[in-house]
1. Would you confirm, using the coordinates I've provided, whether residue 154 is assigned to a loop (DSSP other than H, G, I, E, B), hydrophobic (A, V, I, L, M, F, W, C), open to solvent by 60 Å² or more (accessible area, probe 1.4 Å) and without any contact (Cβ under 8 Å) to a residue 60 or more places away in the chain?
2. Pick from the stretch 166-176 the residues that are out of contact with any Phe, Trp or Tyr (no Cβ under 6 Å at 6 or more places or on another chain) and in a loop (DSSP other than H, G, I, E, B): which of them is surrounded by the most Cβ atoms within 10 Å (Cβ to Cβ)?
3. For residue 163, work out the one condition from (1) over 23 Å from residue 18 (Cβ atoms); (2) over 13 Å from the mean Cα position of the chain (by Cα); (3) in contact (Cβ under 8 Å) with a residue 60 or more places away in the chain; (4) surrounded by 17 or more Cβ atoms within 10 Å (Cβ to Cβ) it doesn't fulfil.
4. Could you tell me which residue of the stretch 114-123 is least open to solvent (accessible area, probe 1.4 Å), considering only residues that are more than 12 Å from residue 161 (Cβ to Cβ) and in a helix (DSSP H, G or I)?
5. Among the candidates 126, 131, single out the residue that is among the aliphatic types (A, V, I, L, M) and either part of a loop (DSSP other than H, G, I, E, B) or buried (at least 20 other Cβ atoms within 10 Å of the Cβ) (or both).
Amino acid sequence: MDISNDIFGRLKESDNKNGTTYETDARDYFMKFEHDEFVEMGGTPDVSFELPKGYRKASFTSSRQVVAIPAAQSQRDDPSTVDIQKSQGSGIAPSLPHEFQHHTRAHVRTVYAEVCRSIYELRDYATVASALRDNVKALWYLRKAGYVHRDVSAGNCLWDIASEKGKLSDLEYARPYDKLSMHDPLT
């Protein structure tokens with residue numbers, strides 16, 4: 001919900017400066033939140049901080065990404081003991097194979113105001129075309145707000161039957177252009 005609030009806030013700032021109505025117009029193309037919460041298991045949020053069995057955390061990673069290193073590797077091969085400045089010259093950690101990367105996930109339950117269908121479920125070509133047109137508008141508004149969606153798929157491009165509008169969902173991977181990082185999870 002914080003991401004959508006930031007997107008609409010940025011559009012409102014643009015409206016105030018330029019006399020446009022982007023913020024109001026954009027709301028038609030995004031899902032409206034009714035309720036958003038972390039799912040709790042045994043009184044604590046259900047978050048995957050644990051590494052796969054047989055792996056340990058490397059110490060040079062950021063809090064957003066955990067790189068798992070097989071526990072069987074020798075100390076000599078352990079990237080957390082490597083002087084990254086000397087080995088790379090740039091201060092950037094060497095990239096590891098995909099199977100060694102593990103990203104923290106949180107179990108979140110979200111309730112939306114609209115009941116929509118994904119493009120996969122639509123059978124009428126005119127409706128599919130309208131849904132795609134509206135989703136392109138949503139992506140344009142995201143761009144105007146300085147964001148990139150990063151998870152566009154037919155499952156996230158929806159059709160709201162009640163309003164006959166296309167809606168873009170799943171903004172959890174959306175990032176401002178100036179905050180993109182090569183260390184973000186791949187989508």
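1. Criteria not met by residue 154.
2. The qualifying residue surrounded by the most Cβ atoms within 10 Å (Cβ to Cβ) is 171.
3. Here residue 163 meets the rest and fails (4).
4. 119
5. Matching residue, one of 126, 131: 131.
The values are calculated or read from the model by the stated rules, or taken from the named source; none is laboratory data. Computed from a predicted structure; not experimentally measured. Note that we place each Cβ from the backbone using ideal geometry, even for glycine, and neighbour counts take in every protein chain shown. SASA here: full protein model, heavy atoms, side chains in, ligands and nucleic acids out. Shrake-Rupley method; radii C 1.70, N 1.55, O 1.52, S 1.80 Å.
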